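Derivation of every value follows stated rules applied to the coordinates shown; laboratory data play no part. Keep in mind the model is a prediction, meaning the values are calculated, not measured. Methodologically, a virtual Cβ is constructed for each residue, glycine included, from the backbone with ideal geometry; neighbour enumeration extends over all protein chains shown.
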Amino acid sequence: MRALISVWDKAGLDDFARGLHELGWELVASGKTAATLDELGLPVQRVEELTQSPEMLGGRVKTLHPRVHAGILARRDETDDMATLAEHGIEPFDVVCVNLYPFEQVAARRGVTEAEAVEMIDIGGPSMLRGAAKNFAHVAPVCRPDQYEPLLEELRAGGEISLETRRRLAAEAFSHTAAYEAAIATWFTATEPFPDWLVVSLEKAHDLRYGENPHQRAAYYAERGVRRHLLSRVEQLHGPELSFNNLNDLNGARLLAREFALPACVIVKHANPCGAAVGATVEEAYAKALASDPTSAYGGVVVLNRAVPLSLAEQIAVSADLVFAPGYDDDALAAIRERRKMIRVLLDRERRAGEPGERHYKRVLGGMLVQDSDADIEDREGWKVVAGEVDEAQWGDLVFAWRVCKHVGSNAIVLAKDLATIGIGAGQMSRVDSVRIAVEKAAEFGHDVRGSVLASDAFFPFPDGPQLGLEAGVAAIVQPGGSRRDEEVTAAVAAAGAAMVFTGRRHFRH
């Protein structure tokens with residue numbers, strides 16, 4: 001039995017190669033892999049000895065040779081194939097162990113040159129893996145160090161690699177090379193907003209118990225090649241496994257929380273914020289966010305942008321299903337664990353910036369809708385006051401409400417006061433209904449709407465929506481503007497003695 005080994009990542013290579021050798025396998029290796037096996041004291045035939053051809057072009061050409069690929073692709077049950085090998089003195093391979101040049105890691109480095117990235121495009125490695133995967137009926141392709149030990153265990157137990165294992169390894173090898181090629185294609189088209197061919201490569205990060213409902217299977221996949229994703233550098237410190245709905249809500253809460261530099265708290269339930277606030281301390285921010293809608297907050301996802309102190313720990317443990325923060329005091333974490341077993345506690349160690357040109361995908365029947373991510377948010381400098389006057393406190397609330405409103409499902413209405421939400425209307429087919437819900441929510445939990453501000457993610461087509469808010473006591477409104485009836489809406493706000501500003505840009509989130 002023969003194994004062809006050519007690996008960039010040498011992790012686990014010593015145990016794998018030694019294990020094969022102890023089982024009586026012959027080892028063939030290229031370049032630095034052969035040198036590593038030599039250092040380990042293992043007998044190894046170098047590829048250049050096999051091919052009778054030296055490495056060329058600085059190592060770019062070494063395995064691209066008929067004596068290598070014929071040994072990989074030969075079908076043992078085809079008489080002609082085996083006769084050809086015999087005629088040319090070629091021995092077949094039974095295992096092809098290859099991992100590829102680290103293109104993604106190198107290309108993602110800050111300041112990397114085009115030449116440096118291109119040099120990390122592997123040619124021979126994918127060719128050997130694909131050949132072995134195609135011929136899985138006779139050859140086992142191995143592309144990751146975590147496959148080594150299970151393969152050795154199977155060989156030690158039965159003396160051979162089963163067809164079922166070879167088929168599974170082939171699927172993994174083709175997925176591996178496809179993802180590799182996708183990363184390269186994405187790098188080449190990075191400056192094109194919407195190339196003719198868009199290849200998205202995803203890698204499974206977590207299996208999930210089920211999807212939105214128990215009858216749906218689910219898993220979380222991270223997009224390859226991005227610097228950060230939903231669970232990058234995130235550690236679960238306590239609680240049961242994460243669910244599909246946990247992650248969906250966590251995504252919405254994290255996106256909103258990153259809008260704020262001051263101590264902030266965001267509580268999300270069913271993909272919409274039910275409370276958000278900033279405060280002088282994280283305790284104040286949490287109290288204000290929870291007060292917005294304590295009923296909806298029960299069983300929700302809580303995201304904080306400051307470490308959790310003991311004074312806050314038990315409060316969160318009482319009602320949250322998941323808490324996400326950049327740190328936990330030791331006594332705070334102990335208190336959460338003691339208070340409630342079923343709360344998920346996540347520690348956020350991610351400090352890297354996100355992808356600036358990240359695309360947004362929405363699955364539809366048979367395809368994807370692809371758009372630019374709605375990452376930016378307007379600030380007050382570019383806004384236009386179209387009715388009344390806005391004092392400094394109102395400006396703070398208007399900016400806050402506008403940032404929250406961007407993350408609420410359309411049609412979105414946010415009532416805010418003292419840098420906290422007091423009523424949110426989300427996902428209604430009619431904008432006026434969203435206003436009604438926001439006002440009713442504020443009244444339900446005893447919030448005084450008088451002097452509050454109202455944010456709308458898109459323009460008001462009629463004065464009826466603003467009128468509901470004005471009658472409840474709203475003092476200022478922020479909206480994009482752009483309706484054919486802007487003058488009517490503006491006149492209604494002015495007549496009520498309130499203020500209104502236009503941002504010039506809408507933020508639908510469907």
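Approximating the spin labels as points 7 Å out from Cα along Cα→Cβ, the A353-to-R339 distance works out to 3.7 nm. Antiparallel as a % of all DSSP beta bridges within region 226-374, to the nearest 5? Looking only at bridges with both residues in region 226-374, the antiparallel portion is about 70 percent.
Explain nothing, just the number: relative contact order of the chain, from Cα pairs under 8 Å at least 6 residues apart, as a whole percent. Relative CO of the chain lands at 8 percent.
Here the relative contact order of region 380-502, from alpha carbon pairs under 8 Å that lie six or more residues apart, stands at 28 percent.
Rounded to the nearest 10 degrees, the angle from helix 79-88 to the longest Cα principal axis of the chain is 70 degrees. Among L230, L13, L37, a tally of other beta-carbon atoms within 10 Å of each Cβ gives an order, fewest to most, of L230, L13, L37. Straight Cα distances below 24 angstrom link K134 to the lysines K62, K204, with same-chain residues fewer than 8 positions distant left out.
Inter-label distance, Q45 to A171: 3.3 nm, where each label sits 7 Å from its Cα along the C-beta direction. Relative to the dominant Cα principal axis of the chain, helix 124-134 is inclined by about 80°. Each of L155, L415 was scored by other Cβ atoms within 10 Å of its Cβ. Listed from fewest to most, they are L155, L415. Note on V364 and R505: the model spin-label points, each 7 Å out from Cα along the C-beta direction, lie 2.4 nm apart.
For the residue pairs K288/K362; K288/K341; K362/K417, the alpha carbons lie more than 30 Å apart in K288/K362; K362/K417.
Of the labelled figures [x] 59, 25, 19; [y] 85, 30, 25; [z] 36, 29, 21, only one reflects semi-axes √(5λ) of the Cα gyration tensor in Å as derived from the coordinates, namely [x]. Please give the FRET efficiency for V112 paired with L202, using the beta carbon to beta carbon distance and R0 = 22 Å, rounded to the nearest 0.05. Computed FRET efficiency for V112 and L202 comes out at 0.40. Dividing the summed -39500 (n - 2.57) terms of all DSSP H runs of n ≥ 4 by the residue count of the chain sets its mean residue ellipticity at 222 nm at -11500 deg cm²/dmol. Taking the Cα centre of region 469-510 as origin and assigning +1 to Lys and Arg Cβ atoms and -1 to Asp and Glu Cβ atoms, the resulting dipole is close to 300 debye.
Compared with the dominant Cα axis of the chain, that is its longest principal axis, helix 244-257 is turned about 60°. Computed from the C-beta positions of L163 and T191 and an R0 of 60 Å, the FRET efficiency is 0.85 to the nearest 0.05. Annotation note: trypsin sites (Lys or Arg not before Pro) in region 330-403 located in DSSP loop regions with a Cβ neighbour count of at most 15 within 10 Å are K341, R349, R351, R352.
Cα to Cα, under 13 Å, and not fewer than 8 places away if on the same chain: which aspartates and glutamates meet these conditions relative to K10? Counting by Cα, and skipping residues close in sequence, K10 has these aspartates and glutamates nearby: E39, D146. Based on Cα contacts under 8 Å between residues 6+ apart, region 437-510 shows a relative contact order of 32 percent.
Rounded to the nearest 20 debye, the dipole size of the chain about its Cα centre is 640 debye, using +1 on the Cβ of Lys and Arg and -1 on the Cβ of Asp and Glu. Applying 0.36 nm per residue to the separation of Q371 and T295 and subtracting their alpha-carbon distance, the gain on full extension is 23.9 nm. Computed about its Cα centre, the charge dipole of region 386-426 is approximately 300 debye, with only Lys, Arg, Asp and Glu carrying charge at their Cβ.
Exposed loop sites are taken as GluC sites (Glu not before Pro) in a DSSP loop (any state but H, G, I, E or B) with at most 14 other beta carbon atoms within 10 Å; the longest stretch of the chain without one runs 390-510.
3J(HN,Hα) along region 208-215, derived from phi through the Karplus expression 6.51 cos²θ - 1.76 cosθ + 1.60 where θ = phi - 60°, amounts to 10, 4, 6, x, 4, 10, x, 7 Hz, with x in place of Gly and Pro.
Considering only A185, G388, V282, the residue lying farthest towards the positive end of the dipole of the chain is G388, judged by Cα position with unit charges set on Cβ. For a straight C-alpha distance cut-off of 20 angstrom, the aspartates and glutamates reachable from K441 (same-chain residues fewer than eight places away being disregarded) are D293, D397, D418, D433, D457, D464, E471. Counting only DSSP beta bridges with both residues in region 380-502, the antiparallel share comes to about 60 percent.
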